[in-house]
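Below is one structure, written out as structure tokens; comments come after it.
The values are calculated or read from the model by the stated rules, or taken from the named source; none is laboratory data. Model, not experiment: these values are computed from the prediction. Neighbour counts run over all protein chains shown; Cβ positions are idealised from the backbone, glycine included. All accessible areas refer to the heavy atoms of the entire protein, side chains included, with ligands and DNA or RNA removed. Shrake-Rupley method; radii C 1.70, N 1.55, O 1.52, S 1.80 Å.
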Amino acid sequence: MNCEYVQQHYGVPAEVGRRVVINGKAGVIAEDRGHYIGVLFDADKPGSVLPCHPTWRVDYQGMGSVRKMTRSQKRYRRYLDIGDCFDSFLDFCRYDDEQHLKHD
């Protein structure tokens, strides 16, 4: 399931963790995005994964590792996923703190 469609359809060695250079920008494949590869570029913050076409100016390289998001970046990602249920980010943070306390 790790970039399986892209590997079969485009015949490229795409997989999560593989280093790539796309249009001159270095990065690592961080997510399988179906018909695309999700790339975390070295110059971007962890969690800023962009969809890229698997054959457009891509130079596949050796394996690397995906940089981990910070705790605050993970919290903001959760907010983006379920934030429509809250009036503000502050309301979400209060809710998130309550959930965190329940699981400790």
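Structure summary
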{"quantity": "Residue check for residue 62: farther than 29 Å from residue 75 by Cα, touching a residue at least 40 places away in the same chain (Cβ under 8 Å), loosely packed, with under 15 Cβ neighbours inside 10 Å and more than 11 Å from the chain's Cα centre (by Cα)", "calculated": "yes"}
{"quantity": "Filtered residues of the stretch 94-104 (kept if open to solvent by less than 100 Å² (accessible area, probe 1.4 Å) and assigned to a loop (DSSP other than H, G, I, E, B))", "calculated": "none"}
{"quantity": "Residue in the stretch 33-85 that is farthest from residue 10 (Cα to Cα), counting only those that are hydroxyl-bearing (Ser, Thr, Tyr) and part of a strand (DSSP E or B)", "calculated": "60"}
{"quantity": "Residue count, the stretch 17-35 (criterion: open to solvent by 20 Å² or more (accessible area, probe 1.4 Å) and β-branched (Val, Ile, Thr))", "calculated": "1"}
{"quantity": "Matching entry among 16, 39 (being touching a Leu at 6+ places or on another chain (Cβ under 8 Å) and of a type in the set (A, V, I, L, M, F, W, C))", "calculated": "39"}
{"quantity": "Test: residue in the stretch 77-93 that is open to solvent by 100 Å² or more (accessible area, probe 1.4 Å), of a type in the set (A, V, I, L, M) and under 20 Å from residue 21 (Cα atoms)", "calculated": "no"}
